[in-house]
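Peer 1: Take this structure, written in structure tokens, and hold onto it; I'll ask about it next.
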Amino acid sequence: MTLQAWPYPALFAHRGGGYLAPENTLPGMAEAVARGFHAVEFDVKLSSDNHTFLLHDDSIDRTSNGRGLAARMTLAELQQADAGSWHGSRFAGTVFPRFAEVARYCQQHGLRANVEIKPCPGRDRETGEQVAREAAQLWAGQPVPPLLSSFSWEALVAARDAAPHLPRGWLVEEWPEDWEARLRELGCLSFNCDYLILTAERVAAIKAAGYRVMAYTVNDADRARELLSWGVDGLFTDALDSLREAILRQD
Ligand code: G3P
Ligand code: MG
């Protein structure tokens, strides 16, 4: 089977700025740009009043000075929280950014995007649909579309139905024996997974079937080189300060 074209670089800054900045924030995206990255991954979900914004967890407790479940908070309530000072005082005043702001930032700074659809519990379908619809609008006319991915099968199905032309990656933590049927069913571009479940043989099999492979979260340079040598197409890293340089030095 012919491999589908891959319009993305090999390295994606994980959650925006990896461990150098508060995750899923605009200062994080700025860190990716400053470190010479050309692609970022970030997590998008819906507020209680149906606005798309960036957040990894179900609650805002870990990554802000606020408390509460995102699914029960309006965007205005969410944006009252300081989403930066938990990481360092220089990030004080950072807010959870809206998806549209981040899309604009990526386009202005030449960052390719992997938009991970991360629904609040029970909101899989509507989140997949809305994020895909907005992504199609936000990136209309851009040379490279965002890659949509999700651990949620239901969200990805809804994303496919809402924006069939946008590329999709199916995210998994554990090795699925039925990977080929699932990637075909969803019309995926890539298989996105925890690097720990990959072997050279598995990467070769996925690529022989025509799909690309992305692996998270790779912070060790030797491991990154090994995965790339197996044919892995994209790596997500938190180590923005060391990994890119280590990989480039090898070239
Ligand atoms: O999309 C790759 C990676 O971000 C998946 O894991 O938990 O960091 O969103 P997580
Ligand atoms: Mg993610």
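Peer 1: Go through (1) in a helix (DSSP H, G or I); (2) crowded, with 22+ Cβ neighbours inside 10 Å; (3) in contact (Cβ under 8 Å) with a residue 24 or more places away in the chain; (4) away from ligand 2 (no atom under 16 Å from the Cβ) one by one and return the number of the condition Ala204 breaks.
Peer 2: Unmet for Ala204, out of (1) in a helix (DSSP H, G or I); (2) crowded, with 22+ Cβ neighbours inside 10 Å; (3) in contact (Cβ under 8 Å) with a residue 24 or more places away in the chain; (4) away from ligand 2 (no atom under 16 Å from the Cβ): (2).
Peer 1: Could I ask something else about it? For the range 73-101, how many residues meet the condition of being touching an Asp or Glu at 6+ places or on another chain (Cβ under 8 Å), among the polar types (S, T, N, Q) and free of Cβ contacts under 8 Å to residues at least 60 places away in the same chain?
Peer 2: So the count comes out to 1.
Peer 1: Would you confirm, using the coordinates I've provided, whether Tyr19 is under 15 Å from Val115 (Cα atoms) and among the hydroxyl-bearing types (Ser, Thr, Tyr)? I'd like the intermediate steps shown before the answer.
Peer 2: Working: under 15 Å from Val115 (Cα atoms): no; among the hydroxyl-bearing types (Ser, Thr, Tyr): yes.
It is false that Tyr19 is under 15 Å from Val115 (Cα atoms) and among the hydroxyl-bearing types (Ser, Thr, Tyr).
Peer 1: Okay, next question. Being within 16 Å of ligand 2 (Cβ to nearest atom), out of contact with any Cys (no Cβ under 8 Å at 6 or more places or on another chain) and under 21 Å from Glu174 (Cα atoms) is true for just one of Val232, Val218. Which residue is that?
Peer 2: Values: Val232 fails: within 16 Å of ligand 2 (Cβ to nearest atom).
It is Val218.
Peer 1: Let me ask another. State yes or no: is Thr127 in contact with a Cys (Cβ under 8 Å, 6 or more places away or on another chain), outside any strand (DSSP E or B) and within 15 Å of ligand 1 (Cβ to nearest atom)?
Peer 2: Working: in contact with a Cys (Cβ under 8 Å, 6 or more places away or on another chain): yes; outside any strand (DSSP E or B): yes; within 15 Å of ligand 1 (Cβ to nearest atom): yes.
So Thr127 passes the test.
Peer 1: Here's a follow-up. Which of the residues spanning the range 103-124 are assigned to a loop (DSSP other than H, G, I, E, B) and either touching a residue at least 60 places away in the same chain (Cβ under 8 Å) or surrounded by 23 or more Cβ atoms within 10 Å (Cβ to Cβ) (or both)?
Peer 2: Restricting attention to the range 103-124, the residues satisfying the condition of being assigned to a loop (DSSP other than H, G, I, E, B) are 109-111, 118-123.
Within the range 103-124, His109, Gly110, Leu111, Lys118, Pro119, Cys120, Pro121, Arg123 meet the criteria.
Peer 1: Confirm whether Pro145 is part of a loop (DSSP other than H, G, I, E, B), touching a helix residue (DSSP H, G or I) at 6+ places or on another chain (Cβ under 9 Å) and within 16 Å of Leu171 (Cα to Cα).
Peer 2: On the way: part of a loop (DSSP other than H, G, I, E, B): yes; touching a helix residue (DSSP H, G or I) at 6+ places or on another chain (Cβ under 9 Å): yes; within 16 Å of Leu171 (Cα to Cα): no.
In short, no.
Peer 1: Sticking with this structure for a sec: Among residues belonging to the range 81-102 that are within 16 Å of ligand 2 (Cβ to nearest atom) and part of a helix (DSSP H, G or I), point out the one that is surrounded by the most Cβ atoms within 10 Å (Cβ to Cβ).
Peer 2: Once the filter is applied, the top-ranked residue is Val102.
Peer 1: Picking from Leu3, Leu69, Leu78, Leu55, which residue would you name as being crowded, with 17+ Cβ neighbours inside 10 Å and away from ligand 2 (no atom under 16 Å from the Cβ)?
Peer 2: Values: Leu3 fails: crowded, with 17+ Cβ neighbours inside 10 Å; Leu69 fails: crowded, with 17+ Cβ neighbours inside 10 Å; Leu55 fails: away from ligand 2 (no atom under 16 Å from the Cβ).
None of the other options fit; the residue is Leu78.
Peer 1: Kindly establish whether Ser242 is at pLDDT below 95 and hydroxyl-bearing (Ser, Thr, Tyr). Walk me through how you get there before you give the answer.
Peer 2: Working: at pLDDT below 95: yes; hydroxyl-bearing (Ser, Thr, Tyr): yes.
Yes, satisfied.
Peer 1: So how many residues does the range 18-37 have that are within 13 Å of ligand 1 (Cβ to nearest atom) and not in a helix (DSSP H, G or I)?
Peer 2: Count: 2.
The values are calculated or read from the model by the stated rules, or taken from the named source; none is laboratory data. Quantities reported herein were computed from a predicted structural model and do not represent experimental measurements. Counting neighbours? That spans all protein chains shown, and the Cβs are built from the backbone with ideal geometry, glycine included.
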